[in-house]
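Peer 1: Okay, handing you the structure first.
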Amino acid sequence: MELTIIFLREYLESIDIDNHLKSTLYAIANGAILVQEKVDRLSIDGHTGATGDINVQGEVVQKLDELGSQIFLDCFRTSQSVSIVGCEELENPEIISQDPNLCIVNMDPVDGSSNIDVSVSIGSIFGIWPSTNLNEITNKSLLLAGKQQIAAAYVVYGSNTIMVIATEKGVSGFTLDNQCNEFILTHPIISLPDSCTYYSVNYSNWDQFSSNTKSQLEELQKTSSLRYVGSLVADFHRNLLKGGVFLYPSGKLRLMYEANPLTFVMKKAGGSATNGNENILDIVPKELHERTPLFIGNTKEVNKFTIG
Ligand code: AHM
Ligand code: MG
């Protein structure tokens, strides 16, 4: 049987979505290829460790955090398809253009910072919103609810590199072929399995969990297996493909560039996410770097977790 190879760019040309959105997704793919090259050569090029800076979250900035941030920003500038970018590593958004027809992007350029120097899977996360109906692009233009997203994407730099894209057309995965530096369609339709095979949580936070969270975890451990990488994007990807729920109840994770994009993907694949009270996609953001509790995965399991 002959194998049909579909490149990411061919896939994007074939689907009926806005042209600026296509260019934005293509810019993410180009950036991911460059970041993957950096990941491969991290120790060789001396890019392990911290820069010495502390970011707006009060967290230590790793050299790869900074490199990834600059790489994706450059790709968005070149694409001419993005008006404004919110980024985990930048206190204020980067305004690129006042064109009201372009895309708004919120990104975590390198997710899983604690895993960078130990050769464990890390990733990049992107939420994409339309900037239509805005008279002027300001720092507040990207404070849009998750339900207004038109697409989301993430990349896992793991045992191989995979980029997952969710649009109104569905969820698909593309594996990076290092021999030709192209993403190839390998997962045409990603849909969340019905069974909750895995659950992912940092158990060392047990004392901070509510009694509801503790009792639901005690139930889950009877039926599901624990897997926890410590890179949200990698834990999410495994649970998306195999069925599962990820939780970080104490509110470490960020709404705009972690929870919202991954919830968009999860919803398009058949699952959902809450903050323990309301659907993540319904939250009206107050600021770019705000944090949220997150319960994400199979809806039946997610809905058992409540806070307050
Ligand atoms: P980062 O974006 O700075 O890497 O921080 C977020 C990460 C997530 O990827 C992961 O789910 C979480 O922090 C892990 O936290 P912990 O080490 O507390 O379990
Ligand atoms: Mg992150």
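Computed from the coordinates by the stated procedures, all read-outs in this text should not be read as laboratory data. Given the structure is predicted, the values throughout are model-derived calculations rather than measurements. Positions of Cβ are generated from backbone atoms using ideal geometry, with glycine treated the same way; all protein chains shown enter the neighbour counts.
Peer 1: On full extension of the chain, what length is gained from residue 252 through residue 277, given 0.36 nm per residue of separation minus the C-alpha to C-alpha distance?
Peer 2: Extending this stretch completely gives an extra 7.4 nm.
Peer 1: Also: According to a simple spin-label model (label point 7 Å from Cα along Cα-to-Cβ), what is the distance in nm between residue 290 and residue 178?
Peer 2: The modelled label-to-label distance comes out at 4.2 nm.
Peer 1: Given 22/268; 63/147; 22/147, which pairs have Cα atoms separated by over 24 Å?
Peer 2: 63/147
Peer 1: Which order do the peptides 72-85, 149-162, 253-266 take when ranked by the mean count of other beta-carbon atoms within 10 Å per residue, highest first?
Peer 2: The densest-packed peptide leads the list: 253-266, 149-162, 72-85.
Peer 1: Follow-up question, since we're still on this one. Tell me what the chain gives for mean residue ellipticity at 222 nm when only DSSP H runs of n ≥ 4 count, each as -39,500 (n - 2.57), the sum divided by the residue total, rounded to 500 deg cm²/dmol. Write down the numbers at each step before the final one.
Peer 2: On the way: 7 runs with 83 residues, N = 308.
Value at 222 nm, helices only: -8500 deg cm²/dmol.
Peer 1: Next question. Calculate the translational D of segment 198-304 in whole µm² s⁻¹ from Stokes-Einstein, where the hydrodynamic radius comes from the Kirkwood formula applied to all Cα pairs, the temperature is 20 °C and the viscosity 1.002 mPa s.
Peer 2: 157 µm²/s
Peer 1: Using Cα-only point scatterers and the Debye equation, what is log10 of I(q)/I(0) for the chain at each q in 0.07, 0.09, 0.10 Å⁻¹, rounded to two decimals?
Peer 2: -0.25, -0.41, -0.52
Peer 1: Taking the Cα of residue 204, stepping 7 Å toward and past its beta carbon, and measuring to each backbone N in segment 44-66: which are under 19 Å?
Peer 2: 49-50, 58-62
Peer 1: Under 8 Å for C-alpha pairs, at least 6 residues apart: give me the relative contact order for the chain, rounded to a whole percent.
Peer 2: It comes to 16 percent, rounded to a whole number.
Peer 1: Using a cut-off of 19 Å between alpha-carbon atoms, which lysines can reach residue 304, once sequence neighbours fewer than 8 places away in the same chain are excluded?
Peer 2: Residue 304 reaches 214, 222, 267.
Peer 1: Name all residues of segment 50-70 having a backbone nitrogen under 20 Å from the label point set 7 Å from the Cα of residue 120 along its Cα→Cβ direction, giving them as ranges.
Peer 2: Hits in segment 50-70 for residue 120 at 20 Å: 50-51, 59-66.
Peer 1: Of 110, 120, 64, which is farthest along the charge dipole of the chain in the positive direction, counting Lys and Arg as +1 and Asp and Glu as -1 at C-beta?
Peer 2: The residue sitting farthest along the positive end of the dipole is 120.
Peer 1: Sort the following peptides by mean Cβ neighbour count (other Cβ atoms within 10 Å, averaged over residues), highest first: 169-182, 205-218, 101-114.
Peer 2: Working: 169-182: 16.4, 205-218: 13.8, 101-114: 25.1.
Going from most to least packed, we get 101-114, 169-182, 205-218.
Peer 1: Please give the length that would be gained between residue 215 and residue 56 if that part of the chain were fully extended, namely 0.36 nm times their separation in residues minus their C-alpha to C-alpha distance (nm, one decimal).
Peer 2: 53.8 nm
Peer 1: Where both partners of a DSSP beta bridge lie in segment 198-304, what percent of those bridges are antiparallel, to the nearest 5?
Peer 2: Beta bridges within segment 198-304, antiparallel portion: roughly 65 percent.
Peer 1: For segment 29-98, take the convex hull of the Cα atoms, compute a quarter of its surface area, and give me that in nm², please.
Peer 2: For segment 29-98, the mean projected area of the Cα convex hull comes to 4.9 nm².
Peer 1: For segment 8-187, rounded, prolate or oblate, judged on the Cα gyration tensor with a ≥ b ≥ c (square roots of eigenvalues), a/c < 1.5 rounded, else prolate if a/b > b/c? Don't skip to the end; give the middle numbers.
Peer 2: Numbers: a/c = 2.03, a/b = 1.18, b/c = 1.72.
Because a/c hits 1.5 or more and a/b fails to exceed b/c, segment 8-187 counts as oblate.
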